[in-house]
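Comments concern the structure below.
The values are calculated or read from the model by the stated rules, or taken from the named source; none is laboratory data. For clarity, every value in this text was computed on a predicted model and none was experimentally measured. Note that each Cβ is placed from the backbone with ideal geometry, even for glycine, and that neighbours are counted across all protein chains shown. Ligands, DNA and RNA are excluded from the accessible area calculation, which covers all protein heavy atoms including side chains. Shrake-Rupley method; radii C 1.70, N 1.55, O 1.52, S 1.80 Å.
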Amino acid sequence: MTKVTLTVNGRKMSGECADRTLLSTFIRENLGLTGTHVGCDTTQCGVCVVHMDGKSVKSCTILAAQANGSEITTIEGLSKGDELHPVQAAFKEHHGLQCGFCTPGMVMAATDIIRRHGGNLDEKTVRAELEGNLCRCTGYHNIVKAVLAANAEMYGAKQAAE
Amino acid sequence: MYETTYHRASSVDEAVSLLGKAEDGKFLAGGMTLIATMKQRLAAPSDLVDLRHIDAMKGISVNGRSVRIGAGTCHYDVASSAELRAVCPALCDLASHIGDPHVRHMGTIGGSVANNDPAADYPSAVLALNMTVITNKREIAADDFFKGLFETALEEDEIITAFSFEAPEKAAYAKFANPASRYAMAGVFVAKNGGDVRVAVTGAGSDGVFRHAGMEQALASHWSADAVAGIHVDAEDMLSDLHGTSEYRAHLVKVMAKRAVAAAG
Ligand SMILES: Cc1cc2nc3c(=O)[nH]c(=O)nc-3n(C[C@H](O)[C@H](O)[C@H](O)COP(=O)(O)OP(=O)(O)OC[C@H]3O[C@@H](n4cnc5c(N)ncnc54)[C@H](O)[C@@H]3O)c2cc1C
Ligand code: FES
Ligand code: FES
């Protein structure tokens, strides 16, 4: 057993788990944050994506023990109270989801893509960068639209604030 | 996943000593192969020794055209290094097409090369760029490192700490990615330094990554995509599986070689 302490969405949280426990399991079962989903056994679908120390990772293929001491952001940590994060708002506005199963991973992947490209995004890049996130419902079209719209919103907002 | 015991090392020496005490331990880098394999119960190490927090194994330094890359450097950091791009953009491009962004944030060059998956991208770069594989025990020339499918010259308790090479005048990598996994169905890395040309093929060979002597000679005398067009690639030496027959892969090797030479300019 290992005692794992993480800063999750800005709050220090700890739990005891077996060394083989996956980060996704720890987040869902020890911490009760079930927004992070698990959809495959092969590290391919991306519904489990969270940010670890600011970078998107697949939490189903990292041990909780590996993550010990790190800062984690999950889908629950994006909104400010009732105010949706611009990426969440764009997914709603542009109908970027149907069943919603892939959405937490898509949104966490999208926020990471926007962070890395700092406003410089085109459709081709978004499609290539969503390589590790599968959606069985939408056909991706509206997801890509939502990411581009959120990027414009966030980048525009950033410029306005300067 | 079977039970395992996790250890975190803060230095290479500590990692070696932790592994020495384990019954059947394994080093853990990004885990993008090892944890995935353990989940399938295809590997069941008694202990895992995590190398990810060893700072001395991370980072890229470029001095003139001499490059050194720490084995613990993740694919994303290789892909986005401006310093490396200035002397060897081919390696940045290779890293930027491994898996997906989340895999690239965790997976490392050391883990990929130590694993020597026949469809992995990095082994072709190590061979074509004539890298020196630096371990905690010795320096191994690229030509002596790869020993067939998933086999390398590494001993059980040997850790790759870094890779070093001289950036060539021209280089490029072209891969035909498996549409589902993005691993290489055939990937060809070409590098030219004066009259010295190296061509390494991954994804296709039945014995893992290899150099193609015929293409190297043809390109040494005439550096152009046309020069490789007439070279024979033997289907007998190629992998055959549900993704493609050996004849198909032999054909892909030639097409990828042509594309790589054209891209290298
Ligand atoms: C969805 C997905 C897609 C992928 N697509 C691609 C792709 O397109 N192309 C590609 O090439 N790869 C691909 N990969 C594999 C990926 O690149 C892995 O990151 C890489 O193969 C292993 O690196 P790692 O750091 O994760 O190593 P780990 O999984 O931690 O370790 C792998 C092996 O190497 C050993 N090891 C690790 N570091 C060292 C070291 N420094 N010295 C000695 N031994 C060491 C470990 O003991 C283990 O046996 C993909 C993986 C996934 C999950
Ligand atoms: S659940 Fe993590 S990639 Fe599918
Ligand atoms: S909305 Fe259903 S899987 Fe993407």
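Looking for whichever is open to solvent by 20 Å² or more (accessible area, probe 1.4 Å) and either more than 9 Å from chain A (Cβ to nearest Cβ) or within 15 Å of residue B:160 (Cβ to Cβ) (or both) here; the options are B:54, B:60, B:69. Which one fits?
Within the list B:54, B:60, B:69, the selection yields B:60.
Residues to consider are B:78, B:16, B:49; find the one that is touching a helix residue (DSSP H, G or I) at 6+ places or on another chain (Cβ under 7 Å), more than 14 Å from chain A (Cβ to nearest Cβ), away from ligand 2 (no atom under 16 Å from the Cβ) and open to solvent by less than 70 Å² (accessible area, probe 1.4 Å).
Step by step, each of B:78, B:16, B:49 is checked, and only B:78 is touching a helix residue (DSSP H, G or I) at 6+ places or on another chain (Cβ under 7 Å), more than 14 Å from chain A (Cβ to nearest Cβ), away from ligand 2 (no atom under 16 Å from the Cβ) and open to solvent by less than 70 Å² (accessible area, probe 1.4 Å).
Can you tell which of A:105, A:54, A:69 is within 13 Å of chain B (Cβ to nearest Cβ), within 16 Å of ligand 3 (Cβ to nearest atom) and in contact with a strand residue (DSSP E or B) (Cβ under 8 Å, 6 or more places away or on another chain)?
A:105
Would you check if residue A:138 is without any contact (Cβ under 8 Å) to a residue 24 or more places away in the chain, surrounded by 14 or more Cβ atoms within 10 Å (Cβ to Cβ), within 28 Å of residue B:97 (Cα to Cα) and more than 14 Å from the chain's Cα centre (by Cα)?
No; evaluated as a whole, the condition is false for this residue.
Restricting the search to the stretch A:29-85, which residues are surrounded by 15 or more Cβ atoms within 10 Å (Cβ to Cβ), within 13 Å of ligand 2 (Cβ to nearest atom) and charged (D, E, K, R)?
If the condition is that a residue be surrounded by 15 or more Cβ atoms within 10 Å (Cβ to Cβ), within 13 Å of ligand 2 (Cβ to nearest atom) and charged (D, E, K, R), then A:58 is the only one that fits.
Out of the residues in the stretch A:108-120 that are under 20 Å from residue A:51 (Cα atoms) and assigned to a loop (DSSP other than H, G, I, E, B), state the one that is farthest from the other protein chains (Cβ to nearest Cβ).
A:119
Quick one: which strands (runs of 3 or more DSSP E) sit completely within the stretch B:161-265 and have at least 1 residues that are hydroxyl-bearing (Ser, Thr, Tyr) and open to solvent by 30 Å² or more (accessible area, probe 1.4 Å)?
Passing ranges, in order: B:170-177.
Is it the case, given these coordinates, that residue A:96 is buried (at least 21 other Cβ atoms within 10 Å of the Cβ), at pLDDT 95 or above and within 14 Å of chain B (Cβ to nearest Cβ)?
no
Looking only at residues that are within 14 Å of ligand 2 (Cβ to nearest atom) and within 14 Å of another protein chain (Cβ to nearest Cβ) in the stretch A:13-28, which one is surrounded by the most Cβ atoms within 10 Å (Cβ to Cβ)?
Only one residue fits best here, namely A:23.
Among the candidates B:127, B:149, which residue alone is within 22 Å of residue B:173 (Cα to Cα), surrounded by 23 or more Cβ atoms within 10 Å (Cβ to Cβ) and away from ligand 3 (no atom under 16 Å from the Cβ)?
Just a single option satisfies the conditions, and that option is B:127.
Suppose we filter the stretch A:124-160 for residues that are within 16 Å of ligand 3 (Cβ to nearest atom), within 14 Å of another protein chain (Cβ to nearest Cβ) and not in a loop (DSSP other than H, G, I, E, B); how many remain?
The total comes to 3.
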